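Data first, discussion second: the structure below is written as structure tokens.
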Amino acid sequence: MSRDGHYYLKGALNGVPLTFMIDTGATYVSVGEDFARAARLPQGVTGYFSTAGGTVEGRIVKDQVVEAEGFRVSGLSVAVTPLQGKAGLLGQNFLRRFEVSQSAGVMRLRLAAGPAPRDR
């Protein structure tokens, strides 16, 4: 756990390096528009997202590859939003593939047993 109370992981989206903040309340892996441009993500389809600041319009880009601390998940939908900070958000469409545990300021991800859930 970092000093701000959040958990961060080094990772990449389609091979472009990015720091992710774990967000168990986020439905999708999410990045900001600036990162999406730099990573040359496709346009995707319009989507609306509930955030702490209200509903925002963005886009959903399907079939992306997300890596975080050595774990790699292909075929994910990624939300691109205008309000994103410097870190991407590692949401449930990535996290639900893992058993997540937290104790004494340490979060552990372990690959879940059974078939991988399908992305939305």
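The values are calculated or read from the model by the stated rules, or taken from the named source; none is laboratory data. If you're wondering where the values come from, they're calculated on a predicted model, not measured in any experiment. Note that each Cβ is placed from the backbone with ideal geometry, even for glycine, and that neighbours are counted across all protein chains shown.
Could you tell me whether Val61 is of a type in the set (A, V, I, L, M, F, W, C), on the phi < 0 side of the Ramachandran plot and modelled with pLDDT of 95 or more? Please lay out each step first, then the result.
Values: of a type in the set (A, V, I, L, M, F, W, C): yes; on the phi < 0 side of the Ramachandran plot: yes; modelled with pLDDT of 95 or more: yes.
Against the criterion (of a type in the set (A, V, I, L, M, F, W, C), on the phi < 0 side of the Ramachandran plot and modelled with pLDDT of 95 or more), Val61 qualifies.
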* Asked: Got a sec? Which strands (runs of 3 or more DSSP E) wholly within the range 23-107 have at least 1 residues that are in contact with a Phe, Trp or Tyr (Cβ under 7 Å, 6 or more places away or on another chain), surrounded by 14 or more Cβ atoms within 10 Å (Cβ to Cβ) and of a type in the set (Val, Ile, Thr)?
  -> 29-32, 54-68, 71-81
* What pairs can you find where one residue is in the range 64-89 and under 12 Å from Gly15 (Cα atoms), the other is part of a strand (DSSP E or B) and of a type in the set (S, T, N, Q), and their Cβ atoms are less than 7 Å apart, with a gap of 6+ or different chains? -> Val65/Ser74
